[in-house]
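These notes concern the structure reproduced below.
The values are calculated or read from the model by the stated rules, or taken from the named source; none is laboratory data. Note that the structure is predicted; figures quoted are calculated from it, not measured. So basically every Cβ, Gly included, is an ideal-geometry build from the backbone, and we count neighbours across all protein chains shown. For the accessible areas, the whole protein counts, side chains as well, though only heavy atoms, and no ligand, DNA or RNA atoms are used. Shrake-Rupley method; radii C 1.70, N 1.55, O 1.52, S 1.80 Å.
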Amino acid sequence: QVQLVESGGGLVQAGGSLRLSCIASGGTFSTYHMGWFRQAPGKEREFVCAISLSGGTFYVDSVKGRFTISRDNAKNTVYLQMNSLKPEDTAVYYCAARWGMMSTSSLEYGNWGQGTQVTVSS
């Protein structure tokens, strides 16, 4: 069972940037597909992006061209670079890990971090 710890959240003005990190421990990081999800107050947790074992990426339409997911297997870390942030990006951001097929469904991820708050002011 892999443990995940996110960091890098904070308060930023619209149009600004943040870089989230998620460090994994207790498992073989390179064998996990990694995903980022977010949950805004009063809303369901939603998929943001994912990266496969081989580095293939997938993004929800609302963040394409603004967010970039990457991974460094030597550091057991997945990153989320967020540019051109908008107030609607405000949420708690979670990283997640799963074996098997890469997925956009939160129900198929069994390993979660505690989340990091991202707040974008207008």
Query raised in the report: So for the range 39-118, what percent of the C-alpha to C-alpha distances run longer than 14 Å?
Result: 65 percent
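In whole percent, and with a 1.4 Å probe on the protein chains, what portion of the accessible area of the chain is carbon and sulfur?
Values: 3120 of 6070 Å².
Of the solvent-accessible surface of the chain, carbon and sulfur hold 51 percent.
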**Report entry** FRET efficiency for residue 101 and residue 13, using Cβ-Cβ distance with R0 set to 30 Å, rounded to 0.05
**Finding:** 0.20
Query raised in the report: Restricting attention to the range 57-122, which trypsin sites (Lys or Arg not before Pro) occupy a DSSP loop and are surrounded by at most 14 other Cβ atoms within 10 Å?
Result: 64
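Tell me the GluC sites (Glu not before Pro) within the range 1-103 that lie in a loop according to DSSP and have at most 10 other beta-carbon atoms within 10 Å.
Values: sites: 6, 44, 46, 88; in loops: 44.
Answer by residue number: 44.
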Query raised in the report: With the dipole of the chain worked out from charges on the C-beta (+1 for Lys and Arg, -1 for Asp and Glu) around the Cα centre, which of 120, 68, 87 lies farthest toward the positive end?
Result: 68
Query raised in the report: Each residue of the range 44-49 in order: what ³J(HN,Hα) in whole Hz does its phi give by Karplus 6.51 cos²θ - 1.76 cosθ + 1.60, θ = phi - 60°, with x for Gly and Pro?
Result: 6, 5, 10, 6, 10, 6
